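The values are calculated or read from the model by the stated rules, or taken from the named source; none is laboratory data. Treat the numbers as computed from the prediction; the structure is a model and nothing was measured. Glycine gets a Cβ as well: all are built from the backbone with ideal geometry, and neighbour counts include every protein chain shown. SASA here: full protein model, heavy atoms, side chains in, ligands and nucleic acids out. Shrake-Rupley method; radii C 1.70, N 1.55, O 1.52, S 1.80 Å.
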Amino acid sequence: MSGTQTFTTQTGTYSYSVSEGENGETIYDLSRVFQDGALPVGAIVIHPDYNPFPEVPGLLNVQFGKGGPERDERTDVPMLGEELEAAFIIGHQLVNPADLDVDPEAEKESAPKVRFLRGHLRAAATEVKSPSTTASKATFLAVQDLVTELVKIYRADKATPKREAKYAKLLDAQRAEVLAPQIKEIDDLIKALQLKKAQLTEKLNGHKAA
């Protein structure tokens, strides 16, 4: 995908451009479209689950704003809150794209959405430093609709597999950092057991020779 695209949720129309992060993250720079023009509202970043050994396979991490994992490392934090005193949506959400897969035999009154806990969606008056609070129900529903559409776009993007493969290399390096000390610990244990075995064998041979 290239250039500017648009999509519409229940709460409004957005335009966006897509770029790739250093490790294969997909960055969506968003603007809210009004009759008089479009206003930038910030960025949402999507990439595979950041956990080296995830308990649930296939999850996506939806990060609000560009930058590192900590709030004070982020820029372009999206202004999606329905209240002025809690306009900025901060943090991240792990979502399951399988939530959007429709069972053809199931009867559904409305289109499926990605699911996350309202209590985990945080809003604040500023990008950094100001206290955060649980997002209101109106904000939660608006962000859920927006994230649902972005996950659909992410899944349909032909560049996504290549980006995810790049992100997988980052996770492989993290997995190696986790596994290497564990292997070293086992190696040390094996050496200690070999020494203990040699000592016991020497005692056993001494008793046999007596």
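Here are a few things to note about the model shown:
- Divided by 2.2 N^0.38 Å, where N counts the residues, the Cα radius of gyration of region 1-63 comes to 1.34.
- Cross-link reach list, aspartates and glutamates versus Lys196, counting only Cα pairs under 18 Å and skipping chain neighbours closer than eight places: Glu185, Asp187, Asp188
- Region 162-204 and region 133-160: distance between their alpha carbon centers, rounded to Å: 41 Å
- With every protein chain in place, region 68-163: carbon and sulfur % of accessible area (1.4 Å): 52 percent
- Overall Cα dimensions of the chain - principal axes, largest extent first, Å: 101, 48, 32
- Axis angle, to the nearest 10 degrees, between helix 160-209 and the longest C-alpha principal axis of the chain: 20 degrees.
- Gain in span if fully extended, Leu193 to Gln10, counting 0.36 nm per residue against the direct Cα distance: 59.4 nm
- Computed E for Asn51/Ala209 - FRET, C-beta separation, R0 41 angstrom, nearest 0.05: 0.10
- Extent along principal axes [Cα atoms of region 92-210; Å; largest to smallest]: 86, 45, 30
- Per-q log10 I(q)/I(0), region 132-195, q = 0.15 Å⁻¹ (Debye; single scatterer per alpha-carbon; no solvent): -0.74
- Nearest 10 degrees, 0 to 90: helix 137-156 Cα axis against the chain principal axis: 70 degrees
- The packing ranking of peptides 156-168, 140-152, highest mean first, is 140-152, 156-168, where packing means the average number of other beta carbon atoms within 10 angstrom of each residue.
- Solvent-accessible surface of the chain, taken per residue with a 1.4 Å probe and all protein chains present: 62 Å².
- Annotation: lysines with alpha-carbon distance below 26 angstrom to Lys158 (same-chain offsets under eight excluded): Lys66, Lys113, Lys166, Lys169.
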